[in-house]
1. Treating the point 7 Å from Cα along Cα-beta-carbon as the label, what are the nm separations from residue B:40 to the other copies, to one decimal?
2. Put the label 7 Å from Cα along Cα→Cβ for residue B:90; what are its distances to the other copies, in nanometres, shortest first?
3. Could you please tell me the mean projected area of the C-alpha convex hull for chain B, averaged over all directions and given in square nanometres to one decimal?
4. Compute the distance from the alpha-carbon center of the stretch B:1-56 to that of the stretch B:72-145, in whole Å.
5. Rounded, prolate or oblate: pick one for the protein assembly as shown, where a ≥ b ≥ c are the square roots of the eigenvalues of its C-alpha gyration tensor, a/c under 1.5 means rounded, and failing that, prolate if a/b is larger than b/c, else oblate.
6. Nearest beta-carbon of A to the rotation axis carrying it onto B: which residue, how many whole Å?
7. Take every Cα pair under 8 Å in chain A that's 6+ residues apart, average their separations, divide by the length, and report that relative contact order as a whole percent.
8. Using a label position 7 Å from Cα in the Cα→Cβ direction, what is the ascending list of nm distances from residue B:26 to the same site in the other copies?
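Throughout, read-outs are computed from the coordinates displayed, never taken from laboratory work. What you are looking at is a predicted structure, and each value in this text was computed from that prediction instead of being measured. Every residue, glycine among them, receives a Cβ derived from its backbone with ideal geometry; neighbour counts consider all protein chains shown.
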DNA sequence: TGCGAATCGTTGAATATTCAATATTTTCCA
DNA sequence: TGGAAAATATTGAATATTCAACGATTCGCA
């Protein structure tokens, strides 16, 4: 008696997500190569671009990084003068992160690279499909939490 | 003159994909914890479950891992007697990977954990939305290549 | 046929990430 | 009020990944 064939991996949602994520990230990274910045740093800079001061915990959550990983990445960004730390005077356990002027300038250049990628995708993939995909992803994320 | 506010990161396709992927993977990893196996090893085992030898190059592509990373992960799996290497006699540069009996047994247990996750998602998220999301992801991946 | 280029997999060093433990500050409540 | 517990961020050690270089084999073609 033969074992019933299991669903191929390419039909699993987890796999499709990993594959799509990998590919889109790869493309974005390629565009960011001119600035020598990994995608995660763009996320950090983007979150900080509201000028408001975000704690490390908030940031870690927002940019999808573990705390220690974020700490070390921020160390590098501080060395590169892209961001800086300020102790939160209301709660001195916290550190508030801010983007420097240099960081803000870089953010704008990265934003435009990212937008150009988005429009490239929308072009070859279709505006409608893109919007629908985003909608479904948002809803999946919401349900998953 | 104020700088025009840029699109929030949560509206970028790249970010939504990263977020969804992270969350789904986290959940899957939690289920696999009982077997102490990372998601990548499940992918490898699954690809090998057709019983036909696969080269390292093929495998790396299929399981979304870089070559050196795969080599080292396979080393571990060989130590655990889950898979084994056979030199390809047709092309002696290649190595063909096979799943052991132990590996096959584990694959089945992992498959059932993965299926249970899929049905859990489909349940809370809806069969239709899930199917549609998969369809859109497949099509995005296709376009991106 | 022979030899330069390409392919395949692995290795070692450099880099990055993760896990567990720590230091500091705040919160809670007995 | 005092002190245990929780929250926040960082550190160091262990682990994993990546990059560049290598060795072996095959391919292309002059």
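1. 1.5
2. 6.7
3. The Cα convex hull of chain B, projected and averaged over all directions, gives 12.6 nm².
4. 12
5. In terms of gyration-tensor shape, prolate.
6. That would be A:21, 2.
7. Working: 104 pairs, mean separation 29.3, N = 145.
Over chain A, the number comes to 20 percent.
8. Sorted ascending, the copy-to-copy spacings read 2.6 nm.
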